[in-house]
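**Q** After the structure tokens below, expect a handful of questions from me.
Just so it is clear, none of the values below were taken in a lab; they were calculated from the coordinates. The structure presented is a predicted model; accordingly, all values stated were derived computationally and were not measured. Note: ideal-geometry Cβ built from the backbone for every residue, glycine included; neighbour counts use all protein chains shown.
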């Protein structure tokens, strides 16, 4: 069964004036249909304002549908009875690490979630240790979060979600405020969670480079899913992506430019290794 | 002033936080460099490398614990030096500059700088109008509240506020942080266009190598409070292995070129943009 199933999901932000009359309606999600299987690594791409963050907030019931419905682990998020179970099943990590860390010591911060759901103390200690080890932050457990770098803080935030033992983790632009080093660390941690713990990962980003390794990619625009497929299928259409001013990884872009200039490369090249191998083959084979 | 004269000189500048205490941290370590009129410079370095500290010395927001900074030949630490004038001459756009928008309308906000410079109302309006036009903010937003603008538009408005003071040096600290790819490209090409139109000196602080390689003429790489590389993008990215150890990376295409060379193909490895790489690979294949 699909872990997440959205059916004709619509979300409208309604603005009202002082008397409560509707001033404007903005449709942030416009009949979104998708199914996400358990254990998948899913990426959602799109511009600011495309609806991707709104969608994320539906997965853990921070928002509920204006129309249509979304099932998370079989639970309808519109049903208030399930709100807490939904949030326990699907944990969320936000963009700005500074807004998510509340305690003055790293391990206390990670313990905050499990404490709130009433886990016994001895189990909390175990969960916190495991979670910090998973994201490679165990040796910082007694540090103050203030002195950590952005990437480290973000990994602590991920550990905080992991300590709740969710089935799914949603990351809303987790690397937007990080430097390249921090970005790589966070992505590595998330991929490991997915592979080793089989946690369903939903990564929301506008960095194309980060989605190359996902199982499936959705591209959103104006509240709709306008492209979906495996990363390779998505990046095949460089012109279409560029038309919609989406970013294409530099390597794919270079391959695309070379192809346009008549170099017989395959359709969609995602990694450096693929491009180099093909170019070597072409040169040695004397195809030009 | 003759072209290519030194606008800013840093002479053995060091900066220490909490000097003389147990918490002493050296943020800048004996930095000497010169910046020439009309240059477009990128300063890169990972978080904590001292790049923001460096640029804040250039307009006197931070005072060196050792060494001197010269603007147009004058020592800015001289007792009777006009610091206020320096700050209008060396304009600074901070990270997330949109957090500093505060007036009721965009136009009023942009006028604020020229107003503080003591210009007449008429000149303030003229300056604000020119600046908003330069950042290509559509006229319908001039009288809107800054909070009604989108992220990219807010950033343009904030940049206009600095441009309106007509600085001869413009410093931008991570001007694209938090923007999506389209917003990022818009802001960077805007900065580049303005640089061409105004011929001013631009210093761009960034940790995105690709951005920097695409636009600037000169790159200064900061690490542990010191400039470790200083040169054209191809010169600097030739050291991609060392850059990696500093937690930085060269543009992806630079890696491709190096991989090709390692695989025994006869390519130059100096490409730092997609188009340079394409041309070099085509040249190699056609040989």
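**Q** Over chain A, with a Gaussian network built from C-alpha contacts below 10 Å, which listed residue (A:197, A:141, A:224) shows the highest mean-square fluctuation?
**A** For chain A, modelled as a Gaussian network with Cα springs under 10 Å, the answer is A:197.
**Q** Sticking with this one: Just for chain A, what percent of DSSP beta bridges are antiparallel, to the closest 5? Provide the component values of the computation, followed by the final result.
**A** Details: 22 of 41 bridges.
Close to 55 percent.
**Q** Also: In bins 5 Å wide, starting from 0, what share of all Cα pairs of the stretch A:249-288 does each bin hold, as a percent?
**A** Taking every Cα pair in the stretch A:249-288, the percentages come to 6, 28, 35, 23, 7, 1.
**Q** Within the stretch B:20-44, list the residues whose amide N lies under 20 Å from a label point set 7 Å along Cα→Cβ of residue B:270.
**A** So the set is B:40-42.
**Q** If you don't mind, there's one more thing I want to ask. If one takes the longest principal axis of the Cα atoms in chain B, at what angle in degrees, from 0 to 90 and to the nearest 10, does the Cα axis of helix B:121-134 lie?
**A** The angle comes out near 20 degrees.
**Q** Limiting things to C-alpha atoms, what are the Rg and the maximum Cα-Cα separation (Dmax) for the protein assembly as shown, in angstroms?
**A** For the protein assembly as shown, the Cα radius of gyration and maximum Cα-Cα distance read 25.6, 76 Å.
**Q** Here's something else I'd like to know. Rg and Dmax of the stretch A:84-126, using alpha carbons, in Å: what are they?
**A** Final numbers for Rg and Dmax: 11.5, 31 Å.
**Q** Debye sum, Cα scatterers, chain A, no solvent: what log₁₀ I/I(0) at q = 0.09, 0.11, 0.13 1/Å?
**A** Scattering profile of chain A, log10 relative to I(0): -0.49, -0.71, -0.94.
**Q** Also, I was wondering about something else. List the relative contact order of the stretch A:4-231 as a percent without decimals, with contacts defined as Cα pairs under 8 Å and 6+ residues apart. Show your work: numbers first, answer last.
**A** Details: 469 pairs, mean separation 62.6, N = 228.
Contact order relative to length: 27 percent.
**Q** With chain B treated as a Gaussian network of Cα nodes joined by springs under 10 Å, which of B:211, B:173, B:262 yields the largest mean-square fluctuation?
**A** Sorting by GNM fluctuation, first place goes to B:262.
**Q** Something else now. Test of understanding: ordering A:168, A:268 by Cβ neighbours within 10 Å, fewest first, what list do you get?
**A** Working: A:168 25, A:268 19.
With the sparsest Cβ surroundings first, the list reads A:268, A:168.
**Q** Can you report the principal axis dimensions of the stretch B:1-49 using only the alpha carbons, biggest first, rounded to whole angstrom?
**A** Here the Cα extents, ordered largest to smallest, are 47, 22, 11 Å.
**Q** Can you give me the relative contact order of chain B as a percent, contacts being Cα pairs under 8 Å and 6 or more apart?
**A** Working: 521 pairs, mean separation 59.9, N = 287.
Taking the mean separation of contacting Cα pairs over the length of chain B, I get 21 percent.
**Q** Still on this structure: Which three lengths, in whole Å and largest first, does the stretch A:158-288 cover when its Cα atoms are put on their principal axes?
**A** 57, 34, 26
**Q** Continuing with this model, one more query. Starting from the Cα of residue B:26, move 7 Å in the Cα-to-Cβ direction to define the label point; list residues of the stretch B:208-231 whose amide nitrogen is under 12 Å from there.
**A** B:224-227
**Q** Another one. Can you check what the Kirkwood hydrodynamic radius comes to for the stretch A:63-136, Cα pairs only, in Å to one decimal?
**A** On the way: mean 1/r = 0.0694 Å⁻¹.
When all Cα pairs of the stretch A:63-136 are included, the Kirkwood radius is 14.4 Å.
**Q** How high is the relative contact order of the stretch A:25-123, in percent, counting Cα pairs under 8 Å that sit 6 or more residues apart?
**A** Working: 61 pairs, mean separation 15.5, N = 99.
About 16 percent, as a whole number.
**Q** Roughly how many Å is it from the Cα centre of the stretch A:229-288 to that of the stretch B:141-198, as a whole number?
**A** A separation of 33 Å, based on Cα centres.
**Q** Most exposed first by the Cβ proxy, i.e. fewest other Cβ within 10 Å, how do B:254, B:176, B:104, A:175 rank?
**A** Numbers: B:254 28, B:176 21, B:104 12, A:175 24.
Placing the least packed residue first, the sequence is B:104, B:176, A:175, B:254.
**Q** Mind sorting B:165, A:208, B:257, A:1 by how few other Cβ atoms lie within 10 Å of their own Cβ, fewest first?
**A** On the way: B:165 21, A:208 24, B:257 27, A:1 9.
Going from sparsest to densest Cβ surroundings: A:1, B:165, A:208, B:257.
**Q** Taking springs between alpha-carbon atoms closer than 10 angstrom, which of A:36, A:199, A:117 fluctuates most in the Gaussian network model of chain A?
**A** Of A:36, A:199, A:117, the most mobile in the Gaussian network model is A:117.
**Q** So what is the orientation-averaged projected area of the stretch B:93-184, using the convex hull of its C-alpha atoms, in nm²?
**A** Values: hull surface 22.3 nm².
Across all orientations, the stretch B:93-184 yields a mean hull projection of 5.6 nm².
**Q** How far is helix A:106-116 tilted, in degrees, relative to the longest principal axis of the Cα atoms in chain A, given as a value from 0 to 90 rounded to the nearest 10?
**A** Taking Cα atoms only, the helix is inclined about 60 degrees.
**Q** What percentage of all Cα-Cα pairs in the stretch A:103-224 are separated by more than 23 Å? Don't skip to the answer; put the middle values down first.
**A** Working: 2295 of 7381 pairs.
Of the Cα pairs, 31 percent sit more than 23 Å apart.
**Q** Using all alpha carbons of chain B, what is the percent of pairwise distances in each 5 Å bin, ordered from the shortest bin to the longest?
**A** 1, 5, 11, 14, 16, 15, 13, 10, 7, 4, 2, 1, 0, 0
**Q** Counting helices only, and only those DSSP H runs with n ≥ 4, report the 222 nm mean residue ellipticity of the protein assembly as shown as the sum of -39,500 (n - 2.57) divided by its residues, in deg cm²/dmol to the nearest 500. Intermediate values should be presented prior to the final figure.
**A** Numbers: 21 runs with 220 residues, N = 575.
It lands at -11500 deg cm²/dmol.
**Q** If the viscosity is 1.002 mPa s and the temperature 20 °C, what translational diffusion coefficient in µm²/s does Stokes-Einstein give for the stretch A:1-132 when Rh comes from Kirkwood over Cα pairs? Please list the in-between numbers first.
**A** Details: Rh = 17.0 Å.
It diffuses with D of about 126 µm²/s by this estimate.
**Q** In the stretch B:116-235, if every C-alpha pair distance is counted and binned at 10 Å from zero, what percent goes to each bin?
**A** 12, 41, 32, 13, 3
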